[in-house]
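Participant: Structure provided below as structure tokens; questions to follow.
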Amino acid sequence: MASAETPPQLCHKFHHASELVGRRWTGAIIYVLLRARCRFATLREAIPDITDRMLSERLQELEQEGIVERTVVPDTPVRVEYALTEKGRALVRTFDALSQWADAWIKLDKPSPKPSPSHTASSRHSRPKRGLPKDMSRTSRRSIS
């Protein structure tokens, strides 16, 4: 604990680590990869609302930091899998502690169920058209508004 005369100082290693792991989506990616080696599509499916671009950027950052390894599996078709390195797996206790803290302190409303892809596609085509028919005169358009 710092005295009144000596202000506390930020540990630069801690700051770098918390900024790295605390970036949007990074924690979710590590959380999923702590459970299994995954392909890109599996990660995208496991993490709601992440875009392909953001997932790709975060995976590249984690790979540059030595936390994630990218493996090309020379099958037909070629597969790319992502897994945590030893450095990444060393985060397991940190993530376990954060999970326990979240279970104890974070209260969430039940998320609303997302519509199924088939429902979304069909509702898109059956949605009523907006606006007035093109054959209506300007006068009749003004009188309706």
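The values are calculated or read from the model by the stated rules, or taken from the named source; none is laboratory data. Computed from a predicted model, the values in this text were never measured in an experiment. All Cβ positions, even for glycine, are placed from backbone atoms using ideal geometry, and neighbour counts span all protein chains on display.
Participant: How many residues are in a loop (DSSP other than H, G, I, E, B), more than 10 Å from the chain's Cα centre (by Cα) and crowded, with 16+ Cβ neighbours inside 10 Å if we restrict to region 36-60?
Facilitator: Adding up the residues that qualify gives 0.
Participant: A further question follows. Assess whether THR139 counts as being part of a helix (DSSP H, G or I), modelled with pLDDT under 95, loosely packed, with under 10 Cβ neighbours inside 10 Å and not charged (D, E, K, R).
Facilitator: Values: part of a helix (DSSP H, G or I): yes; modelled with pLDDT under 95: yes; loosely packed, with under 10 Cβ neighbours inside 10 Å: yes; not charged (D, E, K, R): yes.
Yes.
Participant: Still on this model: Which of the residues that make up region 1-35 are under 22 Å from VAL92 (Cα atoms) and either in contact with an Asp or Glu (Cβ under 8 Å, 6 or more places away or on another chain) or not in a helix (DSSP H, G or I) (or both)? Steps first, please.
Facilitator: Keep residues of region 1-35 that are under 22 Å from VAL92 (Cα atoms), which gives 11-35.
Across region 1-35, the qualifying residues are CYS11, LEU20, GLY22, ARG23, ARG24, TRP25, THR26.
Participant: Moving to a separate point now. Could you look through region 61-95, keep only residues that are out of contact with any helix residue (DSSP H, G or I) (no Cβ under 9 Å at 6 or more places or on another chain) and part of a helix (DSSP H, G or I), and pick out the one that is surrounded by the most Cβ atoms within 10 Å (Cβ to Cβ)?
Facilitator: Out of the qualifying residues, it is GLU63.
Participant: Residue check, LYS110 against (1) of a type in the set (Lys, Arg); (2) closer than 27 Å to PHE14 by Cα; (3) in a loop (DSSP other than H, G, I, E, B), all met but one. Which one?
Facilitator: The one condition LYS110 does not meet is (2).
Participant: Across region 1-19, what is the total count of residues that are loosely packed, with under 14 Cβ neighbours inside 10 Å and under 30 Å from ASP52 (Cα atoms)?
Facilitator: 6
Participant: Continuing with the same structure: Could you grab me the full set of residues in region 20-35 that are among the basic types (Lys, Arg) and surrounded by 11 or more Cβ atoms within 10 Å (Cβ to Cβ)? Steps first, answer last, please.
Facilitator: Filtering region 20-35 for residues among the basic types (Lys, Arg) gives 23-24, 35.
Once the filter is applied, which keeps residues that are among the basic types (Lys, Arg) and surrounded by 11 or more Cβ atoms within 10 Å (Cβ to Cβ), region 20-35 yields only ARG23.
Participant: Can you tell me how many residues in region 75-111 are among the basic types (Lys, Arg) and farther than 21 Å from THR42 by Cα? Please lay out each step first, then the result.
Facilitator: As a first pass, look at region 75-111 and keep what is among the basic types (Lys, Arg): 79, 87, 89, 93, 107, 110.
Now drop any that are not farther than 21 Å from THR42 by Cα, which leaves 87, 93, 107, 110.
Residues meeting the conditions: 4.
Participant: Could you check, for region 31-38, whether at least one of its residues is of a type in the set (Ser, Thr, Tyr), at pLDDT 95 or above and within 20 Å of SER99 (Cβ to Cβ)?
Facilitator: Looking only at region 31-38, we keep the residues that are of a type in the set (Ser, Thr, Tyr), and these are 31.
Okay, now just the ones that are also at pLDDT 95 or above, so 31.
Next, from what is left, pick out any that are within 20 Å of SER99 (Cβ to Cβ): 31.
So far as region 31-38 goes, yes, one or more of its residues are of a type in the set (Ser, Thr, Tyr), at pLDDT 95 or above and within 20 Å of SER99 (Cβ to Cβ).
Participant: Criterion first (in contact with a Gly (Cβ under 9 Å, 6 or more places away or on another chain) and among the small types (Gly, Ala, Ser)) does GLY22 satisfy it?
Facilitator: Details: in contact with a Gly (Cβ under 9 Å, 6 or more places away or on another chain): no; among the small types (Gly, Ala, Ser): yes.
When the stated conditions are applied, GLY22 does not pass them.
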